[in-house]
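Following: one structure in structure tokens, then a few remarks.
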Amino acid sequence: MRDHIEASRMGMHDVPPASRALVVAVVAWSLAWKGASLWRAARNGSKPWFVALLLTNSLGLLDALYLFGVDRHRRWERLEEDAILAVTGEPAQEERTEET
């Protein structure tokens, strides 16, 4: 019982410096990915992705998936659409799927 009480009193100063550095590095890594992905999801108006990214903590894995998979695919589609519109001279469809 006494060991349990002493273990619960351990502070950050009792953690070896290498372990502290590792924790700081992991937190910085995770915050960088989280910040970039949340900013991009908000800018794109993607509410479901924003909520999913906000509520999960996957050490940047889900955030990287969004940034390099989902968002990159959307950007590529927009660039293709813009290129087609520039060549044909048609007006933008503004998210309408049917021809005018």
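Each value in this text was obtained by applying a stated rule to the coordinates, not by laboratory testing. Bear in mind the structure is a predicted one, so any value in this text is a computation, not a measurement. Glycine also receives a Cβ, built like all others from the backbone with ideal geometry; neighbour counts cover every protein chain displayed.
Within the set of pairs 6 or more residues apart or between chains, which connect a residue that is crowded, with 16+ Cβ neighbours inside 10 Å inside segment 23-41 to a residue that is hydroxyl-bearing (Ser, Thr, Tyr) with Cβ atoms less than 8 Å apart?
Short answer, once both residue conditions are applied: 37/66; 40/66; 41/66.
Quick check on my filter: what residues within segment 53-79 are of a type in the set (Gly, Ala, Ser), on the phi < 0 side of the Ramachandran plot and either touching a Lys or Arg at 6+ places or on another chain (Cβ under 8 Å) or exposed (fewer than 13 other Cβ atoms within 10 Å of the Cβ) (or both)?
69
Are there any helices (runs of 4 or more DSSP H) wholly within segment 29-90 with 3 or more residues that are within 12 Å of the chain's Cα centre (by Cα), and if so which?
In segment 29-90, 47-55, 61-65 are the helices (runs of 4 or more DSSP H) which contain 3 or more residues that are within 12 Å of the chain's Cα centre (by Cα).
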